[in-house]
Amino acid sequence: MTDLLDAVQNLTRPTRSKVLQTNTAGIQCLSDVEQLPLLVQLEAAIKSSMGGASTSGASLAFEGSMLNTAALFEAVKIGSQIKSWCRDQKLLPTKNMGTDLDAWYVATLRTEHATEWETWHVKTLSSWAARIRNMLAPPREREHPEACPVCLSGDWWSPRDGLRYLHPLVTYYRLDDEEMLVDNARSLCRACAATWSPRELAFELEAKGRNTEAIM
Ligand SMILES: [Zn+2]
């Protein structure tokens, strides 16, 4: 059962990962950082989304809501699956996914299981780990060089450092198996906080381009 134990602990034990950090001298280095168990991180993401913590600035609030939607959806599915596994093993589920999964693993040791059973569970648990990691990673962003079709701004103020930057239009997206998740991607104007799906923004920019050509 070693593979199954690994797959369980991958979700319920702290993990170490390389994180790019900048020290006070401005030097960047890759550090080995211990991170909370994935299921704990997932539950924290749910709690903060339920609590509606206020963030300053359109782009920050936008990132938060993207994470929350994805995290809630995945957590409901993962949480109910763990509870159902616990009930199969005659265990009463608690409010803590990690505790439940650990208890479930111990309970499974009481009986013999077919290799297919173990393989299926290892695969399922590994896919959860990959999805949670992907979900908790900050979304990738791509800037657009055009001015905003709504407010016509060509620059924006960042609430993080109070500085002015070019290119207010940005698309936030996540990669799943190296493909852009179009359903999850949102485009945002960091000057006026207007949002679009990437397709709507492309359409707006194209329409704007045509109007400009017509005027000239
Ligand atoms: Zn705008």
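Near GLN89: Cβ cut-off under 13 Å, other residues only, Lys/Arg at +1 and Asp/Glu at -1. The net charge is +1.
So if each residue of separation counts as 0.36 nm, and I subtract the Cα-Cα distance between ARG164 and GLU34, what length gain in nm does that give? It would help to have the intermediate numbers written out before the result.
On the way: separation 130, 0.36 × 130 = 46.80 nm, distance 3.50 nm.
Contour length minus the Cα-Cα distance gives 43.3 nm.
Neighbours of ASP100 by Cβ distance under 14 Å: Lys/Arg scored +1, Asp/Glu scored -1, total +1. Take the Cα of LYS208, step 7 Å along the line toward its Cβ, and report every residue of the range 137-163 whose backbone nitrogen sits under 11 Å from that point. What the label zone holds, given the 11 Å backbone N cut-off, is 144-155.
Every number here is computed from the coordinates shown, using simple stated rules; none is lab data. Keep in mind it's a predicted model, so treat the numbers as computed, not measured. Quick reminder, even Gly has a Cβ in these numbers, built from the backbone with ideal geometry, and neighbours come from all protein chains shown.
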